[in-house]
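Read-outs: derived from the displayed coordinates by stated rules, not from any lab. As the structure is a prediction and not an experimental result, all values here were calculated from the model. Cβ sites come from the backbone with ideal geometry, for glycine too, and all protein chains shown count toward neighbours.
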Amino acid sequence: MSVSNHTLTAYVASFSYHLDGIPTDPFGHGGGFVFDCRILHNPGKLEPYKDYTGLQSNVKQWMESNPPTENFWQSVVKVVDFALKMASEKRHHEISFCFGCTGGRHRSVYMANRLADYLRDQGHTVILEHIQLKKLGLI
């Protein structure tokens with residue numbers, strides 16, 4: 001297998017900094033990438049979106065209508081692409097990416113889903129977990 005088509009299993013998670021803390025690496029490597037989505041505007045503070053999650057189309061559309069979301073995403077992709085390249089060169093088989101926000105329901109969920117789709121499109125296996133949504137029984 002050439003380096004260019006090396007695939008990995010990626011753990012991608014959303015979580016609440018306040019309620020969950022940073023998730024542990026499920027692969028036992030003791031690390032992973034953590035992105036702080038609290039810097040983005042929060043749809044959960046707006047009445048029309050507070051009862052929804054980043055899984056729903058209205059929240060996705062709201063997130064995508066805010067230019068800072070796309071700027072943040074482009075920065076994430078640069079880090080992720082670099083990490084995937086290095087992991088491939090080193091023949092690693094697993095990698096972790098987590099997204100946190102205040103409540104773990106909107107911004108982090110949106111970003112985790114977006115990254116999971118991005119990784120799947122490249123042929124990687126993805127284990128996707130929305131920690132706070134699972135605790136709340138929303139998934």
Legend entry - the chain: Cys lacking any partner C-beta under 4.7 angstrom: C98
Legend entry - Placed amide H near V126: partners under 5 Å, 5+ positions off or other chain: A10
Legend entry - Kyte-Doolittle mean at least -0.5, axial Cα span of 30 Å or more - DSSP H helices of the chain: 67-89
Inset, instruction - Evaluate Rg over Rh across the chain, taking Cα atoms for both radii and Kirkwood's formula for Rh. - result: 0.98
Legend entry - Among M86, M63, M111: highest mean-square fluctuation, GNM of the chain, C-alpha pairs under 10 Å: M86
Inset, instruction - Go through M111, P26, C101 and say which Cα lies farthest out towards the positive end of the charge dipole of region 3-135; charges sit on Cβ, +1 for Lys and Arg, -1 for Asp and Glu. - result: C101
Legend entry - the chain, relative contact order [Cα under 8 Å, separation at least 6], %: 47 percent
Legend entry - Lys, Arg +1 and Asp, Glu -1 on Cβ, resulting dipole of the chain about Cα centre, debye, nearest 20: 100 debye
Inset, instruction - For each of I95, I39, I127, count neighbouring Cβ atoms within 10 Å of the residue's Cβ, then give the residues from fewest to most. - result: I39, I127, I95
